[in-house]
1. Want the number for Asn197 to Asp40: 0.36 nm per residue separation, take away the alpha-carbon distance, what's left?
2. In the calculated pair distance distribution of the range 325-367, what percentage of Cα-Cα distances lie above 14 Å?
3. With 27 Å as the limit, write out which pairs from Lys76/Lys170; Lys146/Lys211; Lys115/Lys390; Lys240/Lys285; Lys218/Lys403; Lys239/Lys413 have Cα-Cα distances beyond it, or answer none.
4. Please report the equivalent ellipsoid semi-axes of the range 16-62, computed as sqrt(5 x eigenvalue) of the Cα gyration tensor, largest first, in whole Å.
5. Using a simple spin-label model with points 7 Å from Cα along the Cα→Cβ vector, what separation in nm is obtained for Arg265 and Thr216?
6. For Phe342 and Ala161, compute 0.36 nm times the residue count separating them, minus their Cα-Cα distance, and round to one decimal in nm.
7. Sorting check: for 403-416, 247-260, which peptide has the highest mean count of neighbouring beta carbons within 10 Å, and how do the rest follow?
8. Roll a 1.4 Å probe over the protein chains and send me the accessible area per residue for the chain in Å².
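The values are calculated or read from the model by the stated rules, or taken from the named source; none is laboratory data. Just so we're clear, the structure is a prediction, and the values are computed from it rather than from any experiment. Virtual Cβ from ideal backbone geometry, glycine too; neighbours counted across all protein chains shown. The area values use the complete protein model at the heavy-atom level, side chains included, leaving out ligands, DNA and RNA. Shrake-Rupley method; radii C 1.70, N 1.55, O 1.52, S 1.80 Å.
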Amino acid sequence: MSNNQQKQLPRKMKAEMWDRMQFLFRNYYDRMIHFYLKFDEPLDYAALAKAYKYVVDRIPVLHSSFINCAVTPYWKINYDYSESDIITLKEAEDEESAHNMAMEFLTQEIPVKAKLQIQAGVFRFRGGDILVQVLNHMCMDGPDTKEMLMLVARAYEQILAGKEPDVEVKNGDRSHYQCYTLYNEEEKKNALGLYKNVSQVKHQIKFPYTKRDRKTDKSRILRRVIGKEKFAALKAMSKKTGVTLNDVLLVAYMRALYRACNIDREKSVSVPCMVDLRRHIKGGKSFGFSNHIGFMICTAHGYKEDYLQMFEDIKKQSDAAKDDPYFGLYSLPLLNLAYKLFPQFLAEFAIGLGYNNPYTGMSNLGLLKEQDFMFNGKSPAYLFLTGAIKSIPYLQLAISTYKGEMTLTIAVKCKDKDEEALTVFIDDVVAELDNMLKVIQ
């Protein structure tokens, strides 16, 4: 690229509302999205590196540094990077060693001032590769991260076919205003007036962690895999009882929380669930790589021995929320107003006064389709996606589904003693699912 061409390239990009909110969330979690794909055959590393570079080049926010100005923060777009800055290859002695190396790579945190907001690694063992990717949540959410990796797979296939990659990469609007594109003028006016603070969650509970220590707490991701047979049985059970699989998972999670947190069974417990706001975007997809996630709050009004009673309670709430034409959009105008009225340092202070980050949450990242992640005919033997690594005292259960299996993950920065307690907890969630299958005939 000539000097004249470089001079004509954009150097700055606006930091959108959700970019800034995710930056504010640094107080609660690591702001990273984590992707893990295991292949039973080795990938062509040179082609993969070229494919990554092709896609990253076309998504400016991924090759930008976040500049947190006191008045108006922005993205400084960088152009001086190479394939090796995006992705690395490491050899391992065996699959277990490759997995351990991959998980260590996966728990890194990319600094906001780094010139790239994405890091990928290939960990090679005899007979296969583990590909892992860490991406700054400020740039995009889970659904767009999935789409981004799908584009890498398409470009990889073209490169191996001897072609120059020619994949269409969206580069449109990144703002939250996309979420109003399905409404008429009157509906849009109503939606833009929803100044409700939905972060004020009643019936919050805290997991019994030890005291947070920024110096010694270590990032870790706990996983449990629900196999094909059990997953199919859970789907059949949810259908039979007239609830969604998400309702089933939420009840199992809540019941485990009652025990882990030693909550009186007569008391209510609330858990926010992440929701994809693309349902409000014309076409169902974001126009540019960005964040469009809200949440709904579900409450268990006491611990009931009868699963069906708890199912009915949660289903009633989730159905009512989904019937709301402005589902998930409450408080967006309030956040936007703060960023419009105040300079960055005051906006963070003002939002911090009114925003209460929920102590517990659940995020179902949905189905990851095998055909979407085919790398030149090779699909991952195993795959999971999980969100940010929480800091004490926060907790989130994340779920992703691939090839008829469901992976439950809890990602937390904590001590070994906390991991022991979380291990008991996530095993209890799985035990609840097992017990449901036994009890509900």
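1. 51.8 nm
2. The share of Cα pairs beyond 14 Å in the range 325-367 comes to 62 percent.
3. Lys146/Lys211; Lys240/Lys285; Lys218/Lys403; Lys239/Lys413
4. Equivalent ellipsoid semi-axes, largest first: 30, 17, 6 Å.
5. Going from the Arg265 label point to the Thr216 one covers 3.7 nm.
6. That pair, Phe342 and Ala161, stretches by 59.9 nm at full extension.
7. The peptides rank, most packed first, as 247-260, 403-416.
8. 45
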